[in-house]
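A.B. asks: Input: one structure, supplied below.
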Amino acid sequence: MRERTMQHLAPEGFHQVAYREWGDPANNRVLICVHGISRNGRDFDDIADALSDEYRVLCPDMPGRGASEFLQDKSQYVEALYISVCVALLARSGAAEVDWLGTSMGGRIGMSIAALPRSPIRKLVINDIGPYVPAAGRANNFEHFGKDPRFATEEEGMAYVRETRAAFGPTTEAAWNKFCRDSLRQLDNGQWTLHYDPGLTATLHAAGAGDRWEQWEQIDAATLVLWGMQSKLLVRETVERMRTTGPRAEVFEVPYAGHCPRLENDEQIGAVREFLLRP
């Protein structure tokens, strides 16, 4: 794995975007993995490593998350900016076409790009999100989002993350510890806080809102949906409609997960791998 950065132009000026690259840097078979609204690219470490024998895998931190710079103008944290970042990364990759794996917000970004004429997305994997998100599900997902807690120790922060992210489903103790550490950053004063800009709440009202079934109908890339069957954001009615309209998605069900499957165990990684590598 290689740590990379690139310059991206936002309306307020240039800012630095961090991403991680897995696999042979000369490989033109590229997979782009984009995380959820309050997460970062480290969520894909396990699946990126597992697929790096076949792909060059690029896992960006969207602006305001992880190792990427925070924006001064918080109103710029919108999907159009994230799409622009991903198009810049796609161009930087040099690949004529790519496969896409997006969790939650990253899945919606992938849908938006895949729906465009002459889209470079060949295969689309969407992790627990769809063209429609119920208002109750959005409210539940954002219950803890945008808060700016402070923790005296990393251990206190890890306990908070573990409590507020239980819907991701059961996992091993080692995986929980990694997930929690990837969710935190240390401040100059020695305290710990969450690894995203609390200013992201400035555009929270737009996140996940709206009906995108018309967009869904424009997608012709082969599509796989990973569904955490306990999810409040991707509900059964939406999943069934995704199976029968637009790209007529395949669905991989994860009975024990809510929003959203972690993409870290052999079962989930295997399902994604089989779909992506299928002729």
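Nothing in this text is a laboratory measurement; each read-out follows from the coordinates by a stated rule. Keep in mind that what you see is a predicted model, and the values were worked out from it rather than measured. Neighbour counts run over all protein chains shown; Cβ positions are idealised from the backbone, glycine included.
A.B. asks: Before we move on, is Arg138 in a strand (DSSP E or B), in contact (Cβ under 8 Å) with a residue 24 or more places away in the chain and over 25 Å from Asn265 (Cβ atoms)?
C.D. replies: Details: in a strand (DSSP E or B): no; in contact (Cβ under 8 Å) with a residue 24 or more places away in the chain: yes; over 25 Å from Asn265 (Cβ atoms): yes.
For Arg138, the condition - in a strand (DSSP E or B), in contact (Cβ under 8 Å) with a residue 24 or more places away in the chain and over 25 Å from Asn265 (Cβ atoms) - is not met.
A.B. asks: Just one of Arg241, Arg185, Arg212 is in contact with a Phe, Trp or Tyr (Cβ under 8 Å, 6 or more places away or on another chain), basic (Lys, Arg) and within 26 Å of Leu71 (Cα to Cα); which is it? Working first, answer last.
C.D. replies: Values: Arg241 fails: within 26 Å of Leu71 (Cα to Cα); Arg212 fails: within 26 Å of Leu71 (Cα to Cα).
Within the list Arg241, Arg185, Arg212, the selection yields Arg185.
A.B. asks: Also, I was wondering about something else. Can you say whether Ile121 is under 24 Å from Ala257 (Cβ atoms), in contact with a helix residue (DSSP H, G or I) (Cβ under 7 Å, 6 or more places away or on another chain) and touching a residue at least 24 places away in the same chain (Cβ under 8 Å), as far as the supplied structure shows?
C.D. replies: On the way: under 24 Å from Ala257 (Cβ atoms): no; in contact with a helix residue (DSSP H, G or I) (Cβ under 7 Å, 6 or more places away or on another chain): yes; touching a residue at least 24 places away in the same chain (Cβ under 8 Å): yes.
For Ile121, the condition - under 24 Å from Ala257 (Cβ atoms), in contact with a helix residue (DSSP H, G or I) (Cβ under 7 Å, 6 or more places away or on another chain) and touching a residue at least 24 places away in the same chain (Cβ under 8 Å) - is not met.
A.B. asks: Kindly indicate which of Ser104, Ser68 is polar (S, T, N, Q), buried (at least 24 other Cβ atoms within 10 Å of the Cβ) and touching a Cys at 6+ places or on another chain (Cβ under 6 Å). Give the steps one after another, and end with the answer.
C.D. replies: On the way: Ser68 fails: touching a Cys at 6+ places or on another chain (Cβ under 6 Å).
Residue meeting the stated conditions: Ser104.
A.B. asks: Still on this structure, I have one more. Go through segment 28-58 and give me each residue that's among the hydrophobic types (A, V, I, L, M, F, W, C) and crowded, with 23+ Cβ neighbours inside 10 Å.
C.D. replies: Of all residues in segment 28-58, those among the hydrophobic types (A, V, I, L, M, F, W, C) come to 30-34, 37, 44, 47-48, 50-51, 57-58.
Passing the criteria: Val30, Leu31, Ile32, Cys33, Val34, Ile37, Phe44, Ile47, Ala48, Leu51, Val57, Leu58.
A.B. asks: Restricting attention to segment 71-89, which residues are charged (D, E, K, R) and not in a helix (DSSP H, G or I)?
C.D. replies: Taking segment 71-89 and keeping what is charged (D, E, K, R), we get 73-74, 79.
Selection gives Asp73 alone.
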